[in-house]
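The values are calculated or read from the model by the stated rules, or taken from the named source; none is laboratory data. Everything numeric here is computed off the predicted structure, so don't read it as measured data. Cβ placement follows ideal geometry from the backbone for every residue including glycine, while neighbour counts extend to all protein chains displayed. The protein model used for the area step is the full one, side chains on, heavy atoms only, and it has no ligands, DNA or RNA in it. Shrake-Rupley method; radii C 1.70, N 1.55, O 1.52, S 1.80 Å.
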Amino acid sequence: MLRGKHGRQVALRCACVALPVALLLALATSSSAYTVDLAVHTDPLNYDREVREAYQHFYNLDYDGALTRFEQVRAAHPADPIAAAYVLNCVLFRELYRLDLLDTTFYANDGFLTGKHTVAEDPAVRDQINGLADQAIQLADDELKAHPDDSDALFARGWARSLKATYLAMVERGFGAGLHLALQARSDHEHLLQKDPQYVDAKMVVGVYQYVVGSLPFAFKMLIGFARMGGSKAKGMELLHDSAAHGVITSVESRTCIALFLRREGQYKEAVAIVQSQAKEYPRDFLFALEEANLLKDDGQGRAAIDAYRKLLNEAKTPGHYPNPHLELAYFGLGDTLRGQKMYPEAVRAYQFATQQPTVSPELKRRCLLAAGQVYDLMNLHDKARGEYLAVVAAGPDTSQAEQARKYMRTAFAQ
């Protein structure tokens, strides 16, 4: 058994295989563009008008409005596992958004796997998520015992398992338990596709699995005992493209997966094109507009990224344009982009604005304070930088950001 740092890295890499990358953006297919494809198999409840209406609120990040409607659907279908999974999905992503964990910048490199991240977990929400997941899984198990060939129950069980694994990995950093559930989720959906290849929604989780395992170096798979575990980046992308084109509740999620993988491979222009099309499709989705700016930044289009961040922030001033926007994410991205353009005073202001937002998470606040200190050091203003570093330590003395801040208090940060 692997222990310590390497064990944690391995566990999270593997957990990411079956985690629905919906955790990166709370997205799904919209009823405004929704048509029934009779060649695609899915749970009939996914076609329900109330379900589509609930998802419309969900896509606009109106989680409370979505949750009210999903709860009504669950009350009308108390024995249906997917109805419980709808509620679980909504509660989970509302919490991830609250914790500033839906910005894909967090996942665009392996720092997510190796870094130390602390979040302000809400025990009540944790218990609610675990309870909903366990209920959905139990309902699916009951249905599968009575009807072993029930494809809808098998899909719902895999979905619920992947959602619970998402919370364990992202919030609690419970890599071992998350890995166990994630692999079970992949197994459920792989089995479903073996017996029903037209159940296209199941292709997303399996596609993510194929891509991630196919990306691991052979030596690394040998190290963790996965040498015989098959995976193919090309096959993963093929499955994701199929789900993106034909999935009933995974279409936009799959496109988001594709864009993320393209981003990790440095194929920014292709990723930008996907995200721009999504932003046009859902112009009130704050996260899509944010992702477009993030990708422009990563592509080295600094000026275009600055314009995109500022446009986003200006649009957010109009009441209701972006329901429930987390402006700290945009200010942080803007600060990083301005810093890259050596527009240091403007970068510091952007970081400071980010720290002042009422929705900013403790970790992101520390990251902004640390970045502001670094920029002050680049301006040869170490006294001001020291003030930012002291604020980092005060905001979390036992965090990785505080460790870096102490280092830079001793020796000024240099690019």
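What do you get for Rg/Rh over the stretch 345-394 if you use C-alpha atoms and the Kirkwood form of Rh? Please list the in-between numbers first.
Details: Rg = 10.1 Å, Rh = 10.6 Å.
Expressed as Rg/Rh, it is 0.96.
Put Asp62, Asp398, Asp188 in order of accessible area, largest first, 1.4 Å probe: what do you get?
Values: Asp62 50, Asp398 150, Asp188 10 Å².
Largest accessible area first, the residues go Asp398, Asp62, Asp188.
Evaluate the Debye formula for the stretch 373-415 with equal point scatterers sitting on the alpha carbons, no solvent, and hand back log10 of I(q)/I(0) at q = 0.22, 0.30, 0.31 Å⁻¹, in q order, two decimals.
One equal scatterer on each Cα of the stretch 373-415 leads to -0.59, -0.99, -1.03.
Could you do me a favour and compute the accessible area per residue for the stretch 154-194, 1.4 Å probe, result in Å²? All intermediate terms of the calculation are to be shown ahead of the outcome.
Working: 1170 Å² over 41 residues.
That works out to 28 Å² for each residue.
State the percentage of accessible surface on the stretch 248-296 attributable to carbon and sulfur atoms; use a 1.4 Å probe and exclude ligands, DNA and RNA. Mind dumping the intermediate values first?
Working: 800 of 1530 Å².
Summing carbon and sulfur atoms, their accessible area is 52 percent of the total for the stretch 248-296.
How would you order 331-338, 378-385 from highest to lowest mean count of nearby Cβ atoms within 10 Å? Each step should come with its number before you reach the end.
Numbers: 331-338: 25.6, 378-385: 15.4.
Ranked by mean Cβ neighbours within 10 Å, highest first: 331-338, 378-385.
So for the pair Ala124, Glu50, with labels modelled 7 Å out along Cα→Cβ, what separation do we get in nm?
According to this spin-label approximation, the distance is 2.5 nm.
With a 1.4 Å probe and every protein chain kept in, tell me what percent of the accessible surface of the stretch 356-395 is carbon plus sulfur.
Summing carbon and sulfur atoms, their accessible area is 52 percent of the total for the stretch 356-395.
Using 7 Å Cα-to-Cβ label points, what is the Ser400/Glu315 separation (nm, one decimal)?
For Ser400 paired with Glu315, the spin-label model returns 3.1 nm.
What number, in nm² with one decimal, is the all-direction average of the projected area of the convex hull of the alpha-carbon atoms of the stretch 132-212? Display every interim value, and only then the final one.
Working: hull surface 20.7 nm².
Convex hull of Cα atoms, orientation-averaged projection: 5.2 nm².
With only alpha-carbon atoms counted, please give the Rg and Dmax of the stretch 271-415, in Å.
Just the Cα atoms of the stretch 271-415 yield Rg and Dmax of 15.9, 50 Å.
What relative contact order, as a whole-number percentage, does the stretch 116-166 give when Cα pairs under 8 Å and 6 or more residues apart are counted? Walk me through the numbers before you get to the answer.
Working: 24 pairs, mean separation 19.4, N = 51.
Here the relative contact order equals 38 percent.
In nanometres, what is the gap between the two model label sites at Lys269 and Glu238, each 7 Å from Cα along Cα-to-Cβ?
Going by the 7 Å Cα→Cβ label model, 2.7 nm.
Using the alpha carbon gyration tensor of the stretch 244-328, what are the three equivalent-ellipsoid semi-axes (square root of 5 times each eigenvalue), largest first, in whole Å? Show your work: numbers first, answer last.
Details: eigenvalues 91, 65, 15 Å².
After diagonalising the Cα gyration tensor, the semi-axes are 21, 18, 9 Å.
I'd like to check one number: the per residue accessible area of the stretch 254-347, probe 1.4 Å, reported in Å² as a whole number. Display every interim value, and only then the final one.
Numbers: 3780 Å² over 94 residues.
Result: 40 Å² of accessible area for each residue.
Report the extension gain between Ala414 and Arg303 in nm, rounded to one decimal, defined as 0.36 nm multiplied by the number of residues separating them, less their alpha carbon distance.
On the way: separation 111, 0.36 × 111 = 39.96 nm, distance 2.37 nm.
Value of the extension gain: 37.6 nm.
How about the stretch 264-363: which GluC sites (Glu not before Pro) there lie in a loop by DSSP and see at most 12 other Cβ atoms within 10 Å?
Passing both the DSSP loop test and the Cβ count: Glu265.
For the stretch 296-360, what is the Kirkwood estimate of the hydrodynamic radius, computed as the reciprocal of the mean inverse distance between distinct Cα atoms, to one decimal in Å?
Numbers: mean 1/r = 0.0843 Å⁻¹.
Taking every pair of different Cα atoms in the stretch 296-360, averaging 1/r and inverting gives 11.9 Å.
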